[in-house]
Amino acid sequence: MNENTMRGRVTELLRAYPPATTDPAVFHRARFDAGLAWVHFPEGLGGLGISRDLQDVVDTELRSGGAPLNPAGHIGIGLGMAAPTILAFGTAEQQLRYLRPLWLGDEVWCQLFSEPGAGSDLAAVATRAVRDDGGGWVVNGQKVWTSSAHVARFAILLARTDPDVPKHRGLSYFVLDMSAPGVEVRPLRQITGEAEFNEVFLTDVRVPDTARLGEVGDGWKVANATLSSERVAIGGDQADRESGMISKVAQLWREHPGVRSAAVHDRVMERWVAAEVFRLTGARLRQRLATGAPGFEGAAMKVMFADLAQSISLLELELDPDGALQYDDWALVRPASVDFLSRGPGYRYLRAKGNSIEGGTSEVLRNIVAERVLGLPGEARVDKDVPWKKVPR
């Protein structure tokens with residue numbers, strides 16, 4: 001299939017379901033069923049089984065045609081992390097059950113990976129999954145920093161199924177029904193006043209073996225696939241020049257002559273160029289993904305994203321200190337997604353602090369780039385080849 005054929009398919013969809021007069025939910029269902037949700041997925045699962053680079057053609061044509069966007073912020077974890085993992089490791093039944101409602105936003109997903117004692121060192125998770133008499137699993141443990149857990153229908157869960165082997169080898173990966181008895185979600189209030197994140201306590205939660213993704217003990221391999229997808233999802237979206245947070249600083253510079261000076265000009269330009277480098281790196285990342293050869297850009301872009309967001313938000317704060325002092329609302333609210341652009345500079349500055357922690361800390365990601373890309377010597381690891389249960393903690 002070439003670009004012209006793909007444009008024809010999009011035109012056909014837009015003609016059959018005119019965005020101006022079609023309910024967005026109806027349009028999303030029609031788009032999925034036409035194979036235009038994620039074109040590289042198999043037919044019947046929202047795709048056409050073709051090259052991923054044609055997705056850009058679909059997205060551009062739909063955007064030009066005024067098509068509604070599915071609520072990507074609300075379902076970002078499902079789209080960016082659960083879906084590619086289910087596609088790679090799920091059974092046919094799992095793919096058929098989960099992917100359509102996930103893409104449509106009918107079912108929200110969260111990620112049960114991080115723990116109080118295993119955040120940056122994900123392989124150290126202590127949440128246990130033990131076989132029950134019926135061949136299923138009983139899960140006990142605590143997860144933390146879980147986005148969207150308060151609205152999630154399902155979760156991707158990493159749990160320890162064998163404490164007698166080294167930590168990377170004793171993990172398994174499951175789909176968890178968040179409405180199951182024994183799942184308790186508690187809000188974590190952040191510096192912004194919001195509670196996007198949660199603690200999740202799992203007490204004798206029953207999980208059927210049919211909810212497992214990958215083989216028993218292969219959870220680390222499956223989790224790494226999820227993490228790679230997560231880093232691609234952060235920054236891998238198509239973006240316009242001067243969009244995102246840099247648009248706020250550029251707007252301040254253009255509309256408020258009083259903030260201008262030679263020194264400030266240099267700082268604005270430095271960040272504008274960095275934002276453009278980030279955007280173009282995202283475009284290259286999408287090209288590499290389309291060829292089936294993802295590189296290190298995912299980890300590098302996650303680091304870039306965090307550094308850039310914090311740097312831009314700090315500059316905006318300095319240019320608009322009054323705006324920062326007028327922080328809009330300290331009320332406890334529980335948003336399902338982050339909305340940087342519709343809030344004030346104070347919110348953006350405070351919220352950007354979390355960017356270097358969530359989705360993998362910048363320190364861990366720099367280690368990945370250093371060791372796996374640059375081939376530098378790894379850090380000394382005292383727990384290598386030691387059974388997990390014998391590692392001091």
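The numbers here are math on the coordinates, done by the rules we state, and not lab data. Bear in mind that the values here come from a model prediction, so they are computed numbers and not experimental data. Every residue, glycine as well, gets a Cβ built from its backbone with ideal geometry; the counts of neighbours run over all protein chains shown.
Compute the signed sum of charges (Lys and Arg +1, Asp and Glu -1) over the other residues within less than 9 Å, Cβ to Cβ, of Thr127. Combined, the nearby Lys, Arg, Asp and Glu give +2.
Send over the semi-axes of the stretch 1-139's equivalent ellipsoid, whole angstrom and largest first, taken as the square roots of 5 times the C-alpha gyration tensor eigenvalues.
Numbers: eigenvalues 244, 49, 43 Å².
They are 35, 16, 15 Å, listed largest first.
Where a Cα-Cα gap under 15 Å defines reach, which aspartates and glutamates qualify for Lys390, not counting those fewer than 8 residues away within the same chain? Qualifying aspartates and glutamates at Cα under 15 Å: Asp162, Asp164.
By the scheme Lys and Arg +1, Asp and Glu -1, what is the net charge of all other residues having a beta-carbon under 12 Å from that of Asn367?
Numbers: positive: Arg366, Arg372, Arg381; negative: Asp121, Glu363, Glu371, Glu379.
Computed value for this residue: -1.
Taking 0.36 nm per residue of sequence separation and removing the Cα-Cα distance, the Glu215/Thr22 pair yields an extension gain of 65.2 nm. Let me check against my output: what whole-number percent is the relative contact order of the stretch 1-58, with C-alpha pairs under 8 Å and at least 6 apart? Once divided by the residue count of the stretch 1-58, the mean separation gives 30 percent.
Please sort through the DSSP H helices of the chain and keep those with an alpha-carbon extent of at least 30 Å along the long axis and a Kyte-Doolittle average not below 0.0. Please report the intermediate quantities before stating the final value.
Values: long enough: 262-290 (42 Å, -0.09); 297-319 (31 Å, 0.79).
Both cut-offs are met by 297-319.
With both labels modelled 7 Å from their Cα along Cα-to-Cβ, the Ser342 to Leu314 distance reads 2.9 nm.
Can I get the semi-axes of the chain's equivalent ellipsoid? Compute them from the C-alpha gyration tensor as square roots of 5 times the eigenvalues, in angstrom, largest first. Don't skip to the end; give the middle numbers.
On the way: eigenvalues 234, 165, 90 Å².
Ellipsoid half-lengths, sorted descending, are 34, 29, 21 Å.
All Cα-Cα distances of the stretch 236-393, cut into 10 Å bins from zero to the largest, leave 9, 30, 31, 19, 10, 2, 0 percent in each bin in turn. The trypsin sites (Lys or Arg not before Pro) found in the stretch 240-292 that occupy coil by DSSP, while having at most 14 further C-beta atoms within 10 Å, are Arg241, Arg260. Ranking Leu79, Val207, Phe89 by Cα position along the charge dipole of the chain, where only Lys, Arg, Asp and Glu carry charges on their C-beta atoms, puts Phe89 farthest toward the positive end. Dividing the mean sequence gap of close Cα pairs (under 8 Å, 6+ apart) by how many residues the chain holds gives a relative contact order of 14 percent.
For Lys389, a cut-off of 18 angstrom between C-alpha atoms picks up these lysines, skipping any fewer than 8 places away in its own chain: Lys167.
If r is the Cβ-Cβ distance from Val185 to Val386 and R0 is 45 Å, what FRET efficiency results, to the nearest 0.05? Kindly include the intermediate steps, with their values, before the conclusion.
Values: r = 34 Å, r/R0 = 0.75.
So the FRET efficiency works out to roughly 0.85.
Got the relative contact order for the stretch 117-198 handy, in percent, Cα pairs under 8 Å and 6 or more residues apart? Relative CO of the stretch 117-198 lands at 27 percent.
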